[in-house]
Amino acid sequence: MTWNYRVIKKQSDDEAVFEIHEVHYTEDGVITLWSEKPVAPQGIGEIDDLGEDIMMQLAALFEPALTIEKQDGEDVLVASSSDSDNALLEKLARGLKEAIASTDRAIAAANERTKS
């Protein structure tokens, strides 16, 4: 069984709420379960573990949002069919890529200055 973080869209009153949850899959990629409550980043043992967990959660922005639906009386997760939900996630992912590229450039420039 494998797992990752995914964005789950829930309805709260009249507003959509987007949260990051742990989602577990079978070997065939079928979702079997997910965390009931959203997860917070955490690092166990080393500070680097916190950074790794944050990066794994950020990766959820690159996947389609999921929604909870009833099928045969059971809750199941399905990919959101809302183009606006997924467009928002794509916009956030693009912004994240740009921020990472900008940070990489700043680090490279700082490293060049220290070599001089």
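The values are calculated or read from the model by the stated rules, or taken from the named source; none is laboratory data. On a predicted model such as this, the values are computed, not experimentally measured, just so you know. Please note: Cβ atoms are built from the backbone with ideal geometry, for glycine as well, and neighbour counts cover all protein chains shown.
Starting from the stretch 33-57, keep only residues that are under 16 Å from W3 (Cα atoms), then list their pairs with residues that are small (G, A, S) and at pLDDT below 95 whose Cβ atoms are within a distance under 9 Å, requiring at least 6 positions of separation or different chains.
Matching pairs, first to second residue: P41/G51; E52/G43; D53/G43; I54/G43.
Take the residues of the stretch 1-10 that are in contact with a Ser or Thr (Cβ under 9 Å, 6 or more places away or on another chain) and in a strand (DSSP E or B): which is surrounded by the most Cβ atoms within 10 Å (Cβ to Cβ)? Walk me through it before giving the result.
Taking the stretch 1-10 as the starting set, the residues that turn out to be in contact with a Ser or Thr (Cβ under 9 Å, 6 or more places away or on another chain) are 1-2, 7-10.
Retained after the next criterion (residues that are in a strand (DSSP E or B)): 2, 7-10.
On the way: T2: 9, V7: 25, I8: 21, K9: 16, K10: 13.
In this case the residue turns out to be V7.
The rows are residues; the columns are (1) farther than 20 Å from E22 by Cα; (2) not aliphatic (A, V, I, L, M).
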position	(1), (2)
P41	no, yes
D53	no, yes
A59	no, no
A65	no, no
V76	no, no
K97	yes, yes
A108	yes, no
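Tell me which of these K97 doesn't satisfy, since it passes every other one: (1) more than 15 Å from V7 (Cβ to Cβ); (2) under 16 Å from the mean Cα position of the chain (by Cα); (3) at pLDDT 90 or above.
With (1) more than 15 Å from V7 (Cβ to Cβ); (2) under 16 Å from the mean Cα position of the chain (by Cα); (3) at pLDDT 90 or above applied to K97, the lone miss is (3).
Answer yes or no as to whether A108 is in a helix (DSSP H, G or I), modelled with pLDDT of 80 or more, closer than 13 Å to I8 by Cβ and not aromatic (F, W, Y).
When the stated conditions are applied, A108 does not pass them.
All but one of (1) at pLDDT 95 or above; (2) part of a loop (DSSP other than H, G, I, E, B) hold for S81; state the number of the condition that does not hold.
(1)
Within the stretch 27-53, restricting attention to residues that are touching a Gly at 6+ places or on another chain (Cβ under 9 Å) and not in a loop (DSSP other than H, G, I, E, B), which residue is nearest to A79 (Cα to Cα)?
D53
Which one of the conditions (1) at pLDDT below 90; (2) touching a strand residue (DSSP E or B) at 6+ places or on another chain (Cβ under 9 Å); (3) not basic (K, R) does W3 fail to meet, given that it meets all the rest?
Going through (1) at pLDDT below 90; (2) touching a strand residue (DSSP E or B) at 6+ places or on another chain (Cβ under 9 Å); (3) not basic (K, R) one by one, W3 breaks only (1).
Looking at I47 and the list (1) of a type in the set (A, V, I, L, M); (2) surrounded by 13 or more Cβ atoms within 10 Å (Cβ to Cβ); (3) within 21 Å of A99 (Cβ to Cβ), which single condition is not satisfied?
Every condition holds for I47 apart from (2).
Kindly indicate whether A109 is within 26 Å of Y25 (Cα to Cα) and either free of Cβ contacts under 8 Å to residues at least 60 places away in the same chain or in contact with a helix residue (DSSP H, G or I) (Cβ under 6 Å, 6 or more places away or on another chain) (or both).
no
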